[in-house]
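K.L.:
Pasting a structure here, questions to come.
The values are calculated or read from the model by the stated rules, or taken from the named source; none is laboratory data. Nothing here was measured: the structure is a model prediction, and the numbers come from that model. Methodologically, a virtual Cβ is constructed for each residue, glycine included, from the backbone with ideal geometry; neighbour enumeration extends over all protein chains shown. SASA here: full protein model, heavy atoms, side chains in, ligands and nucleic acids out. Shrake-Rupley method; radii C 1.70, N 1.55, O 1.52, S 1.80 Å.
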Amino acid sequence: MWKDWIRPFVRPLPQWSTIAVDPPQKAVTATLRWDGQWADVTRDHTVASLKPLAIATSVDAGEHPSIEYSDNATGKLLGVLRLAKATSIATEGASIAIYRVAGGGHRCLSWARRPWNAWLQNRAMRRGNNAHHDLMEPASVQQLMIAYLCPRPVILVSVGAPGHQNIFPMDLIGPLERSGLFSLALRSTNVSEPVMRNMRKVALSSMPATMKAVVYKLSEHHKQALQDWNLLPFPTRPSREFDLPAVAAALRIRELAIVHSETMGSHTFFLGRMASDEALAEGTQLHHTAGFHQAYRRRRDRPFAEA
Ligand SMILES: Cc1cc2nc3c(=O)[nH]c(=O)nc-3n(C[C@H](O)[C@H](O)[C@H](O)COP(=O)(O)O)c2cc1C
């Protein structure tokens, strides 16, 4: 059909694809490179803030490293982020390096289609009601999509304190493997942010891909606290040590004891240690990747399963 042929020229790819992936994802490797050295940071880098766009890792890679994302099946380079050292955080005997994203590019689309698709996406962002566009420059949103070449798992975060309870989705999360720490980057305007800083305890439910609709619905709790745990549309079970209501149907429930929090631009960057880890079920977890990554895989007849 001529319409299928013309579509890529007039319509942007979606910025994000929601996909169903067996955790932990094994499709993409992230390699940090600096001064002739390298380190596998697939499970040792995470987004620390959106504005400015910053990446955290427990590898100290000097002043100007880069992260390369490559496809594990073919070894092909999918995209690169160029970084500039901003600061470091010392806590619990570990040192976490924070890098600003200084530039980057991807190779998921043909060279001609890359700038055209980015232009179409930026135009759609300007016209639409887009949370990222309100916060970030278009170039930063494009760089954020590159960071999502490593598919990012989605969890629900449970927060509880006297007079305050909440549960909301997050994907700016991840292990910083070498340090043994785990990070969460939460918009500082989130209604539970002060409670998390105070209570220093959360439960993390790894969400099955089949629960995508309910996960997205709970995004409203970034702004409004939950009135009552009984109002949730799914059963909960208490987390092991902190007794926080977590998702009974979760693939895995972990508890994070927060050891450090600090404001980093638009976000609060939390670091913690796992206090418990319960593997409850096998199955695919809801993940996000860049729309151009899913388009790349679709063209090669191996798309991720859509959630
Ligand atoms: C699946 C999913 C994951 C999200 N992950 C995060 C996150 O890691 N950190 C965060 O601050 N907000 C996260 N959000 C919240 C949204 O990006 C957005 O900030 C929220 O819906 C409030 O919108 P606002 O920008 O209009 O305030 C997530 C939302 C969804 C649906």
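K.L.:
Taking the convex hull of the alpha carbon atoms in the range 17-91, what volume per residue do you get, in Å³?
P.N.:
So the per-residue Cα hull volume is 124 Å³.
K.L.:
If the reach is capped at under 24 angstrom between alpha carbons, list the lysines near LYS201, excluding any in the same chain fewer than eight residues apart.
P.N.:
Hits, sequence-local ones excluded: LYS217, LYS223.
K.L.:
Ok, one more. Need the full-extension length gain, ARG300 to ALA275, defined as separation in residues times 0.36 nm minus the C-alpha distance. One decimal, nm.
P.N.:
My answer for the length gained is 4.8 nm.
K.L.:
May I ask you to work out the translational diffusion coefficient for the range 239-280 at 25 °C, viscosity 0.890 mPa s, via Stokes-Einstein with Rh from the Kirkwood sum over Cα pairs, reported in whole µm²/s?
P.N.:
211
K.L.:
Give me the distance between the Cα centres of the range 229-259 and the range 42-107, rounded to whole Å.
P.N.:
30
K.L.:
When all alpha-carbon pairs of the chain are counted, what percent fall beyond 25 Å?
P.N.:
49
K.L.:
Arrange the peptides 17-27, 290-300 so that the one whose residues have, on average, the most other Cβ atoms within 10 Å appears first.
P.N.:
My ranking of the peptides, most packed first, is 290-300, 17-27.
K.L.:
Sticking with this one: Mind checking the dipole of the chain: about its Cα centre, +1 per Lys or Arg Cβ, -1 per Asp or Glu Cβ, Debye to the nearest 20?
P.N.:
For this selection, approximately 1240 debye.
K.L.:
Tell me which lysines have Cα within less than 16 Å of LYS51's Cα, excluding those fewer than 8 residues away on the same chain?
P.N.:
Correct list for LYS51: LYS85.
K.L.:
Now for a separate question. Rounded, prolate or oblate: which one fits the range 152-286, using the alpha carbon gyration tensor with axes a ≥ b ≥ c (rounded when a/c is under 1.5, else prolate when a/b beats b/c, else oblate)?
P.N.:
rounded
K.L.:
Using +1 at the Cβ of each Lys and Arg and -1 at the Cβ of each Asp and Glu in the chain, identify which of SER49, GLY103, SER183 lies farthest towards the dipole's positive end.
P.N.:
GLY103
K.L.:
Here's something else I'd like to know. Across the range 101-216, how large is the tail of the calculated P(r) beyond 26 Å, expressed as a percent of all Cα pairs?
P.N.:
36
K.L.:
Within the chain, what whole-number % of the accessible surface is contributed by carbon and sulfur, with the 1.4 Å probe and all protein chains included in the calculation?
P.N.:
In the chain, the share of accessible area belonging to carbon and sulfur is 51 percent.
K.L.:
What does the highest-first list of 200-207, 216-223 look like by mean Cβ count within 10 Å?
P.N.:
Listed from highest to lowest mean packing, they are 200-207, 216-223.
K.L.:
Under a point spin-label approximation (7 Å from Cα along Cα-to-Cβ), what is the ARG126-THR29 distance to one decimal in nm?
P.N.:
According to this spin-label approximation, the distance is 4.1 nm.
K.L.:
What ranking, highest mean first, results for peptides 227-239, 43-55 when packing means the other Cβ atoms within 10 Å averaged over each residue?
P.N.:
43-55, 227-239
K.L.:
Now, a different point. Give the accessible surface of the chain per residue, rounded to a whole number of Å², with probe radius 1.4 Å and ligands, DNA and RNA excluded.
P.N.:
With the other protein chains kept in place, the chain gives 46 Å² per residue.
K.L.:
In debye to the nearest 20, how big a dipole does the range 2-150 give about its Cα centre with +1 on each Lys and Arg Cβ and -1 on each Asp and Glu Cβ?
P.N.:
That gives a dipole near 880 debye.
K.L.:
Show me the three semi-axes of the equivalent ellipsoid for the range 2-150, from the C-alpha gyration tensor (sqrt of 5 times each eigenvalue), largest first, rounded to whole Å.
P.N.:
The equivalent ellipsoid of the range 2-150 has semi-axes of 29, 18, 14 Å.
K.L.:
Using the Kirkwood formula over every pair of different C-alpha atoms, what hydrodynamic radius in Å results for the range 170-222?
P.N.:
Roughly 12.9 Å, rounded to one decimal.
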